[in-house]
Amino acid sequence: MKNTRTRLFPIAQFILYLGLLLSAESKAQQDFNDLKSDILMAKTERARLEAIVTLSVTYNRNQLDSLYYYSEVLSDPDINDKEFAEAAKDLIEGVALYHQSRHAEAIDLLEISRKNFAELGSKNLQIRSMSFLGLAYNRSREHAQSADVFREVLKLTENDSEYTDARIAAFGNLSNAYRALGLFAEAIHSLERAIELSGDVRPETQQMSYFNLGQMLAQLELYDRALDALRLIDVENFPSESVQTAVYSNMARAFKQLNLSDSAHFYYQKTLNKAQTTNNWQQALKPQIELGRIAIERQQFPLAETLLNNADDFYKQHRFPPPAYTDLLLAKMELYIASGQWQKGLQASKTFEQFINTNSIIHMSQNGFELVAQIHEGLGDTELALQYQKMYNDLGLAAKEAVQTNRLIEQRNQLALLDANERLEEESSSKEFYQGLTFQVIALSLILLTVLSIVYRYYHRVKKDNVVKSTELSQLKSQLEEAQSQTQEVEFISLKSKALIKLSDLRFVRSDGPYLEFHLTSKTKPEIDRNSLKSLMDELPNNFIQVHRSFIVNLNQVKSIYKSKLVLNDDTEISVSRSFKDDIDELLRNTA
């Protein structure tokens, strides 16, 4: 007969151990203490078992000895609810297998665990099983199954504030699955929901989410939205220096695609400086090449050649993958074509051909053969130029670019539909309205409303805006003209760059980092000056008003005023931020 008086079963030993921890670790994390307290204070055996499992998969879950210890605790013969304990062991052992990268075995156990906890009525552990199951599917490259699991987690936790953390994680992991499947619209939408739910609770997680969001928006060529996301990152205080560099690089690329070369130059230089100061040579080549390309666009050919030659020397000092050098050779050919240095271009084209053939990356030549064709045409060899143009055509790059463009359009339209559907859900006054309709009417109504929402949002954007009457805007302009006539009129301002700006030609001013862009009616490209909006406002007359932390607008150039934007005479739209909305409202009230 066993001497039960002198033997403590594992479950009792475990509870005693937790009691000692609670009394000894005054500086432990509060949520960790809360979980240990849940075990000690549990009123039922099942509640205690559930708390043990929750603790085991939440803390030290990457320490296999710890996980298997928790599994052994659940083998205590004193446990009455054997079925629940076995399901809990399956979950813990599945998590252990996941952390050993034995994903197929982990999936088998976690599928069983997920089913058993659903039957046993433990929603908490069912969701935890599914969370690790979705991660295991993703690691196994079974992204569609992963997405299915995380969508089910979101369905189970819908409208349940107790599982907000689980929903945040599910939206984030669902975004990763969609991204791996190439469904960027769904990935962006899911990540935006995760950010919206997390609020200010997890700032460090939000920072990385904004970075991923910015990257995906840039992949859809939605560069304005990408910059909006990237600007929300506190870059200088971000703990990862490589991510800091990547943020600057992504911002530079977005500015370049928006044809804002000054801003692109500023951020590519920041990218290069950050990479050099942190000895991060892997991220230092691309900004050198892009700075060279900007110099080419500005027709600063000697500078561009110096930058690209420096990049060539830098490449030879390190081991970069072949596509990096291909990009450098393309930039060199672009330089020699733009500057008419055909012999140097011929030499660069030979190097390019030899390199892509040696490394078997003809399929990654991008527009290389088309550039080679231009070089031979510049040398007067029309026949050879046609041969290279034919090689470019045979590679089907133009067709691939067309397919990629169509794919981008499809994904952008899908994102617009998802945004529109979300607005429709938010605007639904009651569920009863939809419950009384047939399936056909619901489908038709959603289609019609979605189409209308897209049209209004992307072509008119007046659905949520309150238009200011044209008479009020006319009265405001009249009052401004009268006020200006009674004071000494300021016709020009001088910039630090020595440029002279006629105020009547100035449409608006946009802030971009330490620089200001002066957009004029008489020029297509803005004047650039190093200054701040605050300092500039002190120099401007009262017909200029700041409507956003990045914009000052000339009210004489305004055609329409809406609740959240201004429309200028040339149909340029300027956003009005909440912090400056009251200033405009006050200005309009004074015209009444």
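Nothing in this text is a laboratory measurement; each read-out follows from the coordinates by a stated rule. Treat the numbers as computed from the prediction; the structure is a model and nothing was measured. Heads up, the Cβs are rebuilt from the backbone with ideal geometry, glycines too, and the neighbour counts pull from every protein chain shown.
Could you order peptides 578-587, 372-381 by the average number of other Cβ atoms within 10 Å of their residues, highest first? Provide the component values of the computation, followed by the final result.
On the way: 578-587: 12.9, 372-381: 19.2.
Result, highest mean Cβ count within 10 Å first: 372-381, 578-587.
Which peptide among 510-522, 542-554, 125-137 comes first, and what is the full order, when sorted by highest mean count of other Cβ atoms within 10 Å? Don't jump to the answer; show the numbers that get you there.
Numbers: 510-522: 16.9, 542-554: 19.5, 125-137: 24.6.
So the order, starting with the most tightly packed, is 125-137, 542-554, 510-522.
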Inter-label distance for D81 and R530, nm, one decimal - labels placed 7 Å from Cα along Cα-to-Cβ:
6.8 nm
At 7 Å along Cα-to-Cβ for each site, give me the label-to-label distance between F492 and A416 in nm.
4.5 nm
From the phi angles alone, apply the Karplus equation (6.51, -1.76, 1.60; θ = phi - 60°) to the range 176-190 and give each ³J(HN,Hα) in whole Hz, x where the residue is Gly or Pro.
4, 5, 4, 4, 5, 7, x, 9, 5, 4, 5, 5, 5, 4, 5
Scan around R507 for amide H atoms under 5 Å from its own, H built in the peptide plane at 1.01 Å from N, and keep only partners 5 or more places away or cross-chain.
H519, L520, T521
Residues whose built amide H sits under 5 Å from the amide H of F551, excluding neighbours closer than 5 in sequence, are S511
J(HN,Hα) series, the range 559-573, from Karplus relation 6.51 cos²θ - 1.76 cosθ + 1.60, nearest Hz, glycine and proline x:
9, 9, 10, 10, 4, 10, 6, 10, 10, 7, 4, 9, 6, 5, 9
Going down the table (K286/K316; K270/K332; K82/K115; K256/K286; K525/K563; K286/K332), which pairs top 18 Å between alpha carbons?
K270/K332; K525/K563
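Arranged from highest to lowest average of other beta-carbon atoms within 10 Å per residue, in what order do the peptides 262-271, 341-350 appear? Intermediate results must be reported in sequence, preceding the final value.
Details: 262-271: 21.6, 341-350: 18.4.
The packing order, highest mean first, is 262-271, 341-350.
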